[in-house]
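Working notes, structure below.
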Amino acid sequence: MDSMIQLYLEETEDMLQKAEECMIRLEVDYSEADINELFRIAHTIKGSSHMVGYVDIGNLMHKIEDMLDCARNGSIPFEQSIVSLCFEGLDITEKMLVYKKERGSDEMMESLSNDAQRIADTIEVFIRVNKQEEAVAVAVTQQAEPGIISTYLGKPSKGKNTYYITFFFEEEVPMIAPVLLMTLNCVEEIGTLIFSSVDDHYFSGNVSKQDLKTYEIIISTDTDETELYAYFALNYIEKINIVDLSRSKLARNDHSFSQSNDILYVVILKALMELHRIDLSQEINMSREELDAMKSLNEAVKVLSTLKKIPKVDNFLEDFRKLNNQIIKFFEGPFDADQDICPNFQKQVVGLIERYFHYNKGKQVVSIFKAEQDSFISRLRNFIGKMNKTSTLILLIDVSQLTMLHENEVRDLIEIKNQIESRDIEIGIIAEGHKVRSIVNIFDSIRDFENFHVSKSGLDAILRSFKSEDSFQRISKKIKDVQYG
């Protein structure tokens, strides 16, 4: 090994040891002497590193030197974040020295150099943020210039793609503000900031900087989602979540309020109710009239789904028609298409009902109200007032967040139940979790004079309605006049 390199390594290792001793003392209490000593060490390592050609170490030491100089002259306040950044910078420097000394792999050296550059970038932003905060504190009454976030938000939107991105910070992040600025700088490279969950006040010096666990933004960009992960692989970001909000991607989730959409789901509900009532474990004789009705429903679903194309439920409709055709063939005569239909039939029907409930709950046929303790009844009455009583066949009231029902609330619920059922709308109660035990007991106690169907989930409530003869007749009465032909 070259004698100059050997001397550099030995002297640098000694200085790093002294630097660590300074930082340990600074963790306990501020010391001007230790700050000056750290500055001298960083300055010396910077110069000698550049002299022997170790530019990556030299550049990192240069940033640490600048930060310590700002702390010495008072342009940024001294805080433990400075010590943390020094620890990280000197730790990566020590690792780089080991690999340079042992001539480690090029891949490992590149990784360490990248880590050193990330720390240097963090320190640079840290200095800028703290100087910015001081300037804001001095000129807080002037408000002449827009704040940091406003500066990014004030730019014209550009880009064909829109993404909602959530950043999750590491627990040991020394200071979040620099990481936020690094994130915003990356956004500026590739597009436009549309929304930020942090506003200008965060950089004003009047709020706690360490209380953020996540940071959310919406950006407009031409960059593809697959490329974003490389841009946002930033220091102190533990993980990232990207949701594509582009119109082309969201179109599949559009909900139509058209009447034909309602009719399609009503017809499917009617067909599912009929399928659910079939028990293949018992001998069943199905009349020609009943078979023709099933065929009619099947054809109606086929025609309506063709006229009203709904891509996200195409697979569901295909599976529904396949099962319905199988059961029709089963009752028409010798059945050899699929001999497994008998043992699996009920399971397949329940699976279809579950998918049906998932696709349209709250949109068509099934309305859901989630009760909260405050103003429960008044909110429920308001919800029912706005509910489309023509297209709604089932109303589910989820009381899982309640801990108690008072006497007047029970009385009001009975009144609401009678009003809803008079419109041929089935009503069910969802009560899930240990907190609702007392509420379930209340409904049990009044069952003899007012029977509420109480279930543990929305799917259970739907299945219970299908099993109840009263509910079946009530729903059938409402949908029998639906015109779909």
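The values are calculated or read from the model by the stated rules, or taken from the named source; none is laboratory data. Because the structure is a prediction, the values reported are computed rather than measured. All Cβ positions, glycine included, derive from the backbone under ideal geometry; neighbour counts span all protein chains shown. The accessibility values were calculated without ligands, DNA or RNA, using every heavy atom of the protein model including side chains. Shrake-Rupley method; radii C 1.70, N 1.55, O 1.52, S 1.80 Å.
Computed values, structure above
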quantity	calculated
Average accessible area per residue (Å²) across the range 1-93 - probe 1.4 Å, nucleic acids and ligands excluded	47 Å²
Length gained when the stretch Glu110-Asn315 is fully extended (0.36 nm per residue, less Cα-Cα span)	69.0 nm
In nm, spacing of pseudo-spin labels at Lys160 and Glu32 (7 Å Cα→C-beta vector)	6.2 nm
Mean-position separation - Cα centroids, the range 264-298 and the range 1-70, in angstrom	81 Å
Stretch gain in nm, segment His434-Thr44, where the contour uses 0.36 nm per residue and the Cα spacing is subtracted	133.8 nm
Amide H partners (placed H, <5 Å) of Asp398, local residues excluded	Phe369, Lys370, Ala371, Ile430
Dipole in debye (nearest 20) - the range 359-485, about Cα centre, beta carbon charges: Lys, Arg +1; Asp, Glu -1	480 debye
Mean Cβ count within 10 Å, highest first, over the residues of peptides 88-99, 11-22	88-99, 11-22
Cα gyration tensor shape for the range 425-469, rounded if a/c is under 1.5, else prolate or oblate	oblate
Computed E for Glu354/Arg103 - FRET, C-beta separation, R0 56 angstrom, nearest 0.05	0.35
R0 of 51 Å, Cβ-Cβ distance Met286-Arg379: FRET efficiency to nearest 0.05	0.65
